[in-house]
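Colleague: Next up is a structure, given as structure tokens.
The values are calculated or read from the model by the stated rules, or taken from the named source; none is laboratory data. This structure is a prediction, so every number in the text was calculated from the model and none was measured. Here the Cβ is made from the backbone with ideal geometry for all residues, glycine too, and neighbour counts use every protein chain on show. These accessible areas exclude ligands, DNA and RNA; they are computed on the full protein's heavy atoms, side chains included. Shrake-Rupley method; radii C 1.70, N 1.55, O 1.52, S 1.80 Å.
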Amino acid sequence: MSTKHRIYLSSPHLSGGEIKYVNEAFKTNWIAPLGLNVDAFEEALCSYIGINHAAALSSGTAAIHLALIILGVEKGDEVIASSFTFSATINPIVYLGATPVLVDSEPETWNMSPELLEKAIQERRAQSRGHGLKAIIVVHLYGMPANMEAIMEIANKYEIPVIEDAAEALGSRYKGKQVGSFGKIGILSFNGNKIITTSGGGALISDDEEIVRKAKFLATQARDKAPHYQHSQIGYNYRMSNVLAGIGRGQMEVIELRVQQKRDNFQFYVKNLKDFPGIKFVPEPDNLYFSNRWLTTILIDPLLTGVTREQLQDALEKENIESRPLWKPMHLQPVFSSCPAYLNGVSESLFNTGLCLPSGSNMTDDDRQRILNVLVKQLRH
Ligand SMILES: Cc1ncc(COP(=O)(O)O)c(C=O)c1O
């Protein structure tokens, strides 16, 4: 094992501006899940994304859970969702006793195939087992925007609300508009490995004031307006702390720089690896797509490269460099294997050959060179 420092897939990258806001929370004794930092962080998110309302929450998973509740998802309902994602997209559907209907990817963006989405809606509706199709969760995986024009057209045609899981995609745009702002509700994550972090946290965003008001209400134990504690609904403890929102404020001051740094990582890998036969990247399909390149990913054809994904991962690990296979699609997960799924083989094939490369916005030139040296040594010219 190498004695050199570990290079992570994507580690927190502080701007230095965070501590001022965290100190403010301490000085003013506003360390509860309320306060100036929470308000200011929500405002910063709204103005950056170009959306009217935001609720800062304890995680992206909590945001998805609340989004589903607000859209009326109940036991026995169905929710269509991208299969190629992290399990946190799907788990909240099951928390509510609803059934995830998994939809495979299109090859262009690796995100939900509009064609399969429409097929899924038609078949579920035709079967009409009395269960409502209450929502569609579209993921913008690794920062690449999904084909929102086609997806919104289908969702509008069948009148099903869209939740955009933009956990990995803050800063990504489709047709110049920030992802998360197309659907009825968007969700974000500020988990430690995301493009900006609050150590842990998330947000629910919407142009609909009533939706975000409801999210804040449910996230603070659903207290009715009364002088005593009164509850007419089940609530949750999902609000973000004012201390963590202080970190978020400092992080939002450098979001555009972070997007540029992530995109520079991608360009570095493309420039240095594109001529190796058997290595493929996922390009932005055209200039309507702008990815924050949260993680740079490659596809490896072992017949052409002479090396498997596992061998590449092992070689990096020996040099104390973290890399990971792409997300294992949800329809291949034991826990979701009985869910209805609309498949075309795309996400399974991506999973079989794909690798996430270290993509921290805080990597140095030396770090990048260290990674490249390992990769180049392994790949056949
Ligand atoms: C696609 C996706 N959805 C949802 C989440 C959940 O976010 P959190 O970890 O903040 O709960 C994550 C990341 O963790 C994610 O990558």
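Colleague: For the condition closer than 15 Å to Tyr342 by Cα, buried (at least 24 other Cβ atoms within 10 Å of the Cβ) and β-branched (Val, Ile, Thr), what is the one hit in Ile121, Ile137? Walk me through how you get there before you give the answer.
Modeller: Working: Ile121 fails: buried (at least 24 other Cβ atoms within 10 Å of the Cβ).
Going through Ile121, Ile137 in turn, the sole match is Ile137.
Colleague: A follow-up question, please. Which residues, taken from region 90-115, are away from the ligand (no atom under 14 Å from the Cβ), open to solvent by less than 30 Å² (accessible area, probe 1.4 Å) and assigned to a helix (DSSP H, G or I)?
Modeller: Scanning region 90-115 gives a single hit, Pro114.
Colleague: Write out, first by first residue and then by second, each pair whose Cβ atoms fall under 8 Å of each other, whose residues are 6+ apart or on separate chains, and whose first residue, in region 183-195, is within 9 Å of Ser59 (Cα to Cα) and open to solvent by 20 Å² or more (accessible area, probe 1.4 Å) while the second is of a type in the set (Val, Ile, Thr) and more than 7 Å from the ligand (Cβ to nearest atom).
Modeller: Listed pairs, sorted by first residue: Asn191/Thr197.
Colleague: Also: Here is a list: Lys225, Lys194. Which entry is modelled with pLDDT under 95 and either part of a loop (DSSP other than H, G, I, E, B) or closer than 30 Å to Leu372 by Cβ (or both)?
Modeller: Values: Lys194 fails: modelled with pLDDT under 95.
Every option except Lys225 fails the conditions.
Colleague: Would you confirm whether or not region 201-211 contains a residue that is of a type outside the set (Phe, Trp, Tyr) and farther than 19 Å from Ile49 by Cβ? Full working, then the answer.
Modeller: Of the residues in region 201-211, the ones of a type outside the set (Phe, Trp, Tyr) are 201-211.
Checking which are farther than 19 Å from Ile49 by Cβ leaves us with none.
Looking through region 201-211, none of the residues is of a type outside the set (Phe, Trp, Tyr) and farther than 19 Å from Ile49 by Cβ.
Colleague: So Asn287 ticks every box in (1) farther than 23 Å from Gly201 by Cα; (2) touching a Leu at 6+ places or on another chain (Cβ under 8 Å) but one. Which box is left unticked?
Modeller: The one condition Asn287 does not meet is (2).
Colleague: Kindly evaluate Lys177 against the criterion of being at negative phi and either surrounded by 19 or more Cβ atoms within 10 Å (Cβ to Cβ) or within 12 Å of the ligand (Cβ to nearest atom) (or both). Break it down into steps so the answer makes sense when it comes.
Modeller: Working: at negative phi: yes; either surrounded by 19 or more Cβ atoms within 10 Å (Cβ to Cβ) or within 12 Å of the ligand (Cβ to nearest atom) (or both): no.
So Lys177 fails the test.
Colleague: Report, by residue number, each residue of region 180-230 that is among the polar types (S, T, N, Q), within 14 Å of the ligand (Cβ to nearest atom) and farther than 19 Å from Pro92 by Cβ.
Modeller: Residues of region 180-230 among the polar types (S, T, N, Q): 181, 189, 191, 193, 197-199, 206, 220-221, 230.
So of that shortlist, the ones also within 14 Å of the ligand (Cβ to nearest atom) come out as 189, 191, 193, 197-199.
Of everything in region 180-230, those that are among the polar types (S, T, N, Q), within 14 Å of the ligand (Cβ to nearest atom) and farther than 19 Å from Pro92 by Cβ turn out to be Asn193, Thr197, Thr198, Ser199.
Colleague: Here's another thing I want to ask about it. Cβ-Cβ below 8 Å, separation at least six or inter-chain, first residue in region 288-312 and more than 26 Å from Asp264 (Cβ to Cβ), second polar (S, T, N, Q) and not in a helix (DSSP H, G or I): which pairs?
Modeller: Pro302/Thr308
Colleague: Considering every residue within region 233-247, establish whether at least one is open to solvent by 80 Å² or more (accessible area, probe 1.4 Å) and over 24 Å from Asn29 (Cα atoms).
Modeller: The first filter runs over region 233-247 and keeps only residues open to solvent by 80 Å² or more (accessible area, probe 1.4 Å), leaving 233-234, 237.
Adding the requirement that they be over 24 Å from Asn29 (Cα atoms) leaves 233-234.
Yes: region 233-247 contains one or more residues that are open to solvent by 80 Å² or more (accessible area, probe 1.4 Å) and over 24 Å from Asn29 (Cα atoms).
Colleague: Looking at this structure, is Gly250 touching a Ser or Thr at 6+ places or on another chain (Cβ under 6 Å), open to solvent by less than 10 Å² (accessible area, probe 1.4 Å) and within 16 Å of the ligand (Cβ to nearest atom)?
Modeller: On the way: touching a Ser or Thr at 6+ places or on another chain (Cβ under 6 Å): yes; open to solvent by less than 10 Å² (accessible area, probe 1.4 Å): yes; within 16 Å of the ligand (Cβ to nearest atom): no.
No; evaluated as a whole, the condition is false for this residue.
Colleague: Still on this structure, please answer the following. Please verify whether Leu316 is hydrophobic (A, V, I, L, M, F, W, C) and more than 21 Å from Glu123 (Cα to Cα), treating the condition exactly as stated.
Modeller: Values: hydrophobic (A, V, I, L, M, F, W, C): yes; more than 21 Å from Glu123 (Cα to Cα): yes.
So Leu316 fits the description; yes.
Colleague: With respect to Ala55, is the statement that it is touching an Asp or Glu at 6+ places or on another chain (Cβ under 8 Å), surrounded by 24 or more Cβ atoms within 10 Å (Cβ to Cβ) and either over 29 Å from Phe281 (Cα atoms) or hydroxyl-bearing (Ser, Thr, Tyr) (or both) true? Reasoning before the result, please.
Modeller: Working: touching an Asp or Glu at 6+ places or on another chain (Cβ under 8 Å): yes; surrounded by 24 or more Cβ atoms within 10 Å (Cβ to Cβ): yes; either over 29 Å from Phe281 (Cα atoms) or hydroxyl-bearing (Ser, Thr, Tyr) (or both): yes.
It is true that Ala55 is touching an Asp or Glu at 6+ places or on another chain (Cβ under 8 Å), surrounded by 24 or more Cβ atoms within 10 Å (Cβ to Cβ) and either over 29 Å from Phe281 (Cα atoms) or hydroxyl-bearing (Ser, Thr, Tyr) (or both).
Colleague: Could you check Ala81 against (1) at negative phi; (2) open to solvent by 10 Å² or more (accessible area, probe 1.4 Å); (3) at pLDDT 95 or above and say which number it fails?
Modeller: So the condition that Ala81 fails would be (2).
Conditions tested, residue by residue: (1) under 29 Å from Gly180 (Cα atoms); (2) in contact with a His (Cβ under 7 Å, 6 or more places away or on another chain); (3) assigned to a loop (DSSP other than H, G, I, E, B).
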site: Gln230; (1), (2), (3): no, no, yes
site: Ile234; (1), (2), (3): yes, no, yes
site: Val243; (1), (2), (3): yes, no, no
site: Gly248; (1), (2), (3): yes, no, no
site: Asp264; (1), (2), (3): yes, no, no
site: Tyr269; (1), (2), (3): yes, no, no
site: Pro277; (1), (2), (3): no, no, yes
site: Glu284; (1), (2), (3): yes, no, yes
site: Val335; (1), (2), (3): yes, no, no
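Colleague: Give just the number: which of (1) of a type in the set (D, E, K, R); (2) in contact with a Ser or Thr (Cβ under 6 Å, 6 or more places away or on another chain); (3) surrounded by fewer than 18 Cβ atoms within 10 Å (Cβ to Cβ) does Asp207 not satisfy?
Modeller: The one condition Asp207 does not meet is (2).
Colleague: Do we have Ser172 as open to solvent by less than 10 Å² (accessible area, probe 1.4 Å), within 16 Å of the ligand (Cβ to nearest atom) and either over 19 Å from Val243 (Cα atoms) or not β-branched (Val, Ile, Thr) (or both) here?
Modeller: Numbers: open to solvent by less than 10 Å² (accessible area, probe 1.4 Å): yes; within 16 Å of the ligand (Cβ to nearest atom): yes; either over 19 Å from Val243 (Cα atoms) or not β-branched (Val, Ile, Thr) (or both): yes.
When the stated conditions are applied, Ser172 passes them.
Colleague: Let me confirm something: among Glu284, Glu209, which residue is touching a residue at least 40 places away in the same chain (Cβ under 8 Å) and either touching a Cys at 6+ places or on another chain (Cβ under 9 Å) or under 27 Å from Asn37 (Cα atoms) (or both)?
Modeller: Working: Glu284 fails: either touching a Cys at 6+ places or on another chain (Cβ under 9 Å) or under 27 Å from Asn37 (Cα atoms) (or both).
Unique residue meeting the criteria: Glu209.
Colleague: State whether the residues of region 336-351 include one that is at negative phi, surrounded by fewer than 19 Cβ atoms within 10 Å (Cβ to Cβ) and β-branched (Val, Ile, Thr).
Modeller: Restricting attention to region 336-351, the residues satisfying the condition of being at negative phi are 336-344, 346-351.
After this cut, where a residue has to be surrounded by fewer than 19 Cβ atoms within 10 Å (Cβ to Cβ) as well, the list is 337-338, 340, 343-344, 348-349, 351.
Those left that are additionally β-branched (Val, Ile, Thr): none.
No, region 336-351 contains no residue that is at negative phi, surrounded by fewer than 19 Cβ atoms within 10 Å (Cβ to Cβ) and β-branched (Val, Ile, Thr).
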